[in-house]
Amino acid sequence: MNRVETPARVDGRTARAERTRAAIVEAHLALIAEGDLRPTGERIAERAGISLRTLWTNFKDMETLFEASGAEVLRQQDAAYRPISTTLPLAKRVDAYCRQRARLLQLIAPSARAAQMREPVSEQLRRNRRKHIDRVRDEVEHLFAAELARAGRERSQLLNAVVAASMWPAWSMLRYGLGLGVDAARAVMTRTVGALLAEVAAD
């Protein structure tokens with residue numbers, strides 16, 4: 001006779017599976033944060049306290065793990081994000097925006113550095129990056145809508161310039177290419193974004 005799964009048993013199994021997946025993602029991101037930018041399945045499983053078989057039962061390959069870890073990084077960013085009023089003067093909006101971008105970029109720094117190493121061969125990591133770009137683009141369009149509107153036919157160019165100045169590659173150059181501290185790097189970003197938007201604000 002076939003045994004019928006009770007809802008409680010199914011729910012318990014689902015909850016355990018979710019906890020296991022969360023532990024794997026946490027282990028993956030923790031190893032990256034500690035400097036292991038290309039953690040192996042064995043290292044991740046060991047950190048999560050599970051078998052390698054359990055790891056690959058929950059994630060069929062590294063691409064699916066990259067997807068879950070990328071979603072967790074976005075969740076952490078969302079939790080740390082604070083809305084900025086669009087009624088503030090331009091200079092105050094730029095300052096608040098760049099302070100927040102610097103804080104969020106520092107938050108994702110380990111995972112962003114790790115992703116840079118594998119992006120050329122990982123379609124999922126490229127999709128993750130696209131999500132970050134789209135979020136920043138949406139924020140810039142909302143926060144600086146008035147300035148972008150004044151740009152007229154050059155709106156798209158101005159938007160792209162502000163987004164590019166606000167993303168990880170630019171931040172990475174400031175922090176690791178030029179060796180600037182967080183405050184100095186943020187000041188450069190603020191100057192760049194402010195100068196770009198001030199051009200149309202002054203027209």
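Restricting the calculation to Cα atoms, region 86-203 yields a radius of gyration followed by a Dmax of 14.6, 45 Å. Taking 0.36 nm per residue of separation and subtracting the current Cα-Cα distance, fully stretching the chain between Ile133 and Ala15 would add 39.2 nm. Note that region 106-113 has calculated 3J(HN,Hα) couplings of 5, 5, 8, 3, x, 5, 5, 5 Hz, one per residue in order, obtained from phi through the Karplus relation 6.51 cos²θ - 1.76 cosθ + 1.60 (θ = phi - 60°); glycine and proline are x.
Spatial offset of region 17-31 relative to region 134-200 amounts to 34 Å, using the alpha carbon center of each. Mind checking the angle between helix 155-166 and the chain's longest principal axis? C-alpha axes, 0 to 90 degrees, to the nearest 10. It is inclined by approximately 60 degrees. Most tightly packed first, judged by the mean number of other beta-carbon atoms within 10 Å of their residues, the peptides 45-52, 165-172 read 165-172, 45-52. Checking the a/c ratio against 1.5 first, then a/b against b/c, what shape does the Cα gyration tensor give for region 137-199? It is prolate, given that a/c is not under 1.5 and a/b is the larger ratio. Apolar share of the accessible surface for the chain: 53 percent from carbon plus sulfur atoms, 1.4 Å probe. Note on Val182 and Leu74: the model spin-label points, each 7 Å out from Cα along the C-beta direction, lie 2.5 nm apart. Segment Thr54..Gln157, full-extension length gain: 32.3 nm, with 0.36 nm per residue of separation and the alpha-carbon distance subtracted. Remark: the Glu34-Lys92 segment gains 17.4 nm on full extension, using 0.36 nm per residue and subtracting the alpha carbon distance. Between region 34-64 and region 99-116, the C-alpha centres lie 22 angstrom from each other. Accessible area per residue for region 1-152, computed on protein heavy atoms with a 1.4 Å probe, is 59 Å². Expressed in Å, the radius of gyration and Dmax of the Cα atoms of region 12-79 are 11.5, 35. A helix-only calculation puts the chain at -25000 deg cm²/dmol for mean residue ellipticity at 222 nm, using -39500 (n - 2.57) for each DSSP H run of at least four residues, averaged over all residues.
Shown in residue order for region 167-177 are the 3J(HN,Hα) couplings computed by the Karplus curve 6.51 cos²θ - 1.76 cosθ + 1.60 at θ = phi - 60°: 9, 4, x, 5, 5, 4, 4, 5, 7, 10, x Hz (x for Gly and Pro). Between rounded, prolate and oblate, where does region 43-135 land on the alpha carbon gyration tensor, with a ≥ b ≥ c its root eigenvalues, rounded for a/c under 1.5, else prolate if a/b exceeds b/c? It comes out prolate by the Cα gyration axes. On a per residue basis, the convex hull of the C-alpha atoms belonging to the chain measures out at 163 Å³. Note on Arg82 and Ser122: the model spin-label points, each 7 Å out from Cα along the C-beta direction, lie 3.1 nm apart.
The values are calculated or read from the model by the stated rules, or taken from the named source; none is laboratory data. From a predicted model like this one, the values you see are computed outputs, not experimental measurements. Positions of Cβ are backbone-derived with ideal geometry, glycine not excepted, and every protein chain shown enters the neighbour counts. Protein only, heavy atoms only, side chains kept; ligands, DNA and RNA dropped before computing areas. Shrake-Rupley method; radii C 1.70, N 1.55, O 1.52, S 1.80 Å.
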